[in-house]
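Comments concern the structure below.
No value in this document is a laboratory result; all are computed from the given coordinates. Small disclaimer: the values here were computed from a predicted structure and weren't measured. When we count neighbours, we look across all protein chains shown, and the Cβ atoms used for this are built from the backbone with ideal geometry, even at glycine.
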Amino acid sequence: MSLATAHFVTGIRDRLQRYVTQDYPAQLALASRLAVPAPQPPGKQGDQAPPPTPPVRYTSATSLRPQCSLPYISTEADLDQWLAALRAAAQAELANGNRISL
């Protein structure tokens, strides 16, 4: 479904959400893959080609789920607690070799 043919706000919202969570990270991964030069065949006998690089996976920043028990943020201390949990969630994604799209 395209935005031009959408008749309802929910259709537009769903399409936008799908773009943010699926299509945009896929586009970033494709751009990363295309930016890496093609591997060159070994020049001399006995030379080994470098191992292929693993594909880059992008995670949307909106899909990060911090482990925080706060129902809302009302103080600066609450904000610090939530930001620390968000940072830990982002670090876990980076530790898995993923990148975070903003």
*Within the P(r) computed for the chain, what percentage of the Cα pairs occupies the region above 24 Å?*
51 percent
*Please give the contour-minus-distance gain from residue 67 to residue 20: 0.36 nm per residue of separation, less the Cα-Cα distance, rounded to one decimal in nm.*
14.7 nm
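Note down the net charge around residue 25, summing +1 for each Lys or Arg and -1 for each Asp or Glu among other residues with Cβ under 10 Å from its Cβ.
+1
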*Could you state the angle between the C-alpha long axis of helix 9-18 and the longest principal axis of the C-alpha atoms of the chain, as a value from 0 to 90 degrees rounded to the nearest 10?*
40 degrees
*Karplus-derived HN-Hα couplings along region 69-77 (A = 6.51, B = -1.76, C = 1.60, θ = phi - 60°), whole Hz, x at Gly and Pro*: 8, 6, x, 7, 10, 10, 9, 5, 5
*Stretched out fully, how many nm does the piece from residue 98 to residue 27 gain, at 0.36 nm a residue minus the Cα gap?*
24.1 nm
